[in-house]
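The numbers here are math on the coordinates, done by the rules we state, and not lab data. Predicted model only: the values in this text are computed from it and were never measured. A quick note on method: Cβ atoms are made from the backbone with ideal geometry, for glycine too, and the neighbour counts reach across all protein chains shown.
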Amino acid sequence: MVLKEIEMDLPYVRDINPEQLSEDDIKLDYELNWKEKRRRFQLMTRCMTSMIERIIPRITTKDCWKILVECVEKPSGKEIKNLLGVYSIQVPFDISIFWEMNGLDKKKYVVTKIREAIRIIAQYNSFDVRGIENACNKVESLNYVNEWHWSKTVKCKQISAQVKVLHEVERVTISLVFKDSTQKSCKEKILVSDIPDERVYSKYLGKLEWISVGKARLSTKNGEYFIASYE
């Protein structure tokens, strides 16, 4: 197998009296008190997990395609659970403090917890985790800025244009970056901002083309488009 994904999860914690539990009670409690919180957590942590995924080299494993880091108050142990190729590892996580952190501190905390998880994997000699550790180091050296260029550069006379994606904790911002032929002049125009979910913002990443001198258009996958000018 090839490691493809790293995800942080916030396992469900009951918020009702155990003596009153029924299957319907649990479902209702999850929907009312946990589902939205869990989704918000996954979106916030995706900023760093997606960056690490993009940086790590190809890692071949015997039986793991995904690492699931379960963030809990008190881990039940340091063992690894393997469910159909998903390695599930619990790490101690203070969710109350996490909610109060600013964006940068959230990023740092997430990377720290990913390091803890992969060290547990290393203890079991499941596979070589140095590629992930090096990716975490690279994230730190880049000051936790998850920024990347999506499309190839398109040129029109002396000006080039390229799509830039900035993935933050709360939002993803997609911009057009214009450069002149000397690469000494650079202008950036924000096109759209949306929630930090690949399934949402990937729809914006369609075809980039020039429609006139100094004016470029990014066509989305659903037929819409954004236009920006160099001037």
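Report, in listed order, any pair from 4/81; 35/78; 108/184; 27/62; 74/164; 78/164 with a Cα-Cα distance greater than 29 Å. Don't jump to the answer; show the numbers that get you there.
Values: 4/81 17 Å; 35/78 26 Å; 108/184 33 Å; 27/62 36 Å; 74/164 40 Å; 78/164 39 Å.
Check vs 29 Å cut-off fails for 108/184; 27/62; 74/164; 78/164.
Give the angle, between 0 and 90 degrees and rounded to the nearest 10, that separates the Cα long axis of helix 23-33 from the longest principal axis of the Cα atoms of the chain.
The two axes meet at around 40 degrees.
If every alpha-carbon in segment 160-231 counts as one equal scatterer, what log10 I(q)/I(0) does Debye give at q = 0.26, 0.28 1/Å?
Here the Debye-derived log intensity ratios amount to -1.17, -1.28.
For segment 5-141, what's the relative contact order in percent, using C-alpha pairs closer than 8 Å and at least 6 residues apart?
Values: 163 pairs, mean separation 36.0, N = 137.
Once normalised by length, the contact order is 26 percent.
Only bridges with both residues in the chain count here: give the DSSP antiparallel percent, nearest 5. Before the final figure, lay out the partial values.
Working: 38 of 50 bridges.
In the chain, DSSP labels about 75 percent of beta bridges as antiparallel.
Nearest 10 degrees, 0 to 90: what angle lies between the long axis of helix 35-55 and the longest principal axis of the chain (Cα atoms)?
60 degrees
Grab the alpha carbons of segment 5-141, take their convex hull, and tell me the volume per residue in Å³.
Spread over its residues, the Cα hull of segment 5-141 gives 114 Å³ apiece.
With only Lys, Arg, Asp and Glu charged, each at its Cβ (+1 for the first two, -1 for the last two), find how big the charge dipole of the chain is about the Cα centre; round to the nearest 20 debye.
Working: 39 positive and 34 negative charges, 300 e Å.
With only Lys, Arg, Asp and Glu charged at Cβ, the dipole is about 1440 debye.
Compactness ratio of segment 80-224: Cα Rg over 2.2 N^0.38 Å, N = residue count?
Working: Rg = 19.7 Å, N = 145, 2.2 N^0.38 = 14.6 Å.
Cα-based Rg divided by the globular estimate yields 1.35.
Among 154, 131, 142, pick out the residue whose Cα is farthest towards the positive end of the charge dipole of segment 126-174, where Lys and Arg carry +1 and Asp and Glu carry -1 on C-beta, about the Cα centre.
After comparing all options, I get 154.
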